[in-house]
Amino acid sequence: PLLALPPAFGAAYVGTVFSCTLCANNELPSSSPIVVRDVQLSAELQVPSGSIALGLEGPDAVDGRDIQPAQTLQKVVRHELREDGPHVLAVTVTYQETRDDTTNKRTFRKLYQFVAQPALGVRTKVGDLAAKKDTPDTRRFVLEAQLENLTETPVVLEKVTVSTAQGLTSKSLNWNDADDKPILSPQDVMQVAFTLQQIQGEQLDEKNGRTVLAQLHVDWRSPMGEKGSLTTGWLGSRAG
């Protein structure tokens with residue numbers, strides 16, 4: 001069999017789903033005395049932090065198929081990219097080659113390289129706000145973030161939210177879901193902000209001299225409707 005993939009993957013961005021179709025083709029002429037049986041595909045993705053075994057989907061859901069001349073075994077790879085840097089898609093094909101009464105097991109492996117790039121640049125800043133007069137013992141914060149489109153096409157910001165740590169509530173200072181969603185052209189920058197407030201009587205989590213506050217979540221879509229998302233690490237402020 002011959003393993004075929006697209007000649008180029010195009011741009012791959014962190015936070016999006018990388019997908020491609022693997023095609024194992026039987027290139028033998030119909031008159032060939034060789035029979036190709038039990039064709040199987042497997043794949044792994046080598047990323048900067050290690051290797052990830054990938055599950056393969058249909059359209060040919062059954063693995064281990066016999067492939068007649070000019071027939072193809074197709075599998076689809078889908079994986080959400082979470083690291084930037086060089087990636088290598090490693091695909092292994094195994095099959096049995098039978099001629100007359102002799103059967104040999106064959107294996108070959110192909111590597112396909114691409115680079116995953118950040119789609120959105122995120123810069124965050126956390127500041128303390130003065131406590132309200134009616135709740136002087138509760139802390140208040142403002143979380144600001146600059147979002148920059150690092151891709152070569154416009155992106156639509158679907159939503160920007162925060163997950164607060166224990167003992168905190170949040171309020172968005174951004175657009176409502178009913179509003180027209182912002183569109184960021186390449187290199188455009190947008191400012192978003194949230195206020196965070198300690199729940200009266202609740203203790204805030206502190207680690208390494210900092211108060212743990214929230215994580216920022218950003219969801220966007222490409223012009224073709226492809227979804228992307230990212231989540232920051234836990235953001236914090238100087239412990240009170």
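The values are calculated or read from the model by the stated rules, or taken from the named source; none is laboratory data. Only a predicted model underlies this, so the values are computations on that prediction, with no experimental measurement involved. All Cβ positions, even for glycine, are placed from backbone atoms using ideal geometry, and neighbour counts span all protein chains on display. In case anyone asks, the SASA skips ligands and DNA or RNA and just uses the protein heavy atoms, side chains included. Shrake-Rupley method; radii C 1.70, N 1.55, O 1.52, S 1.80 Å.
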- Quick one: putting +1 on the C-beta of Lys and Arg, -1 on the C-beta of Asp and Glu, what dipole do you get for region 96-144 around its Cα centre, in Debye to the nearest 20? 160
- Query: For region 58-145, with the dipole built from +1 on Lys and Arg beta-carbon atoms and -1 on Asp and Glu ones, taken about the Cα centre, which of Gln113, His87, Ala145 lies farthest toward the positive end?
  - Reply: Ala145
- Listed residues Ser163, Thr135, Val192: farthest to the positive end of the dipole of region 128-229 (Cβ charges): Thr135
- Item | Kirkwood-type radius of the chain, with distances r between different C-alpha atoms, in Å | 21.7
- Query: What are the lysines whose alpha-carbon lies under 23 Å from the alpha-carbon of Lys75, with same-chain residues fewer than 8 places away excluded?
  - Reply: Lys105, Lys110, Lys227
- Message: Placing unit charges on C-beta atoms (Lys and Arg positive, Asp and Glu negative, everything else neutral), compute the dipole magnitude of the chain about its Cα centre in debye, rounded to 20.
- Response: 500
- For region 68-92 and region 167-232, what is the separation of their C-alpha centers, rounded to whole Å? 33
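Averaged per residue, what accessible surface does region 75-234 expose to a 1.4 Å probe, in Å²?
Details: 9450 Å² over 160 residues.
Here the residues of region 75-234 average 59 Å² of exposed surface.
Return the carbon/sulfur percentage of the accessible area of the chain, one whole number, probe 1.4 Å, all protein chains in place.
Result for the chain: 46 percent of the exposed heavy-atom area is carbon or sulfur.
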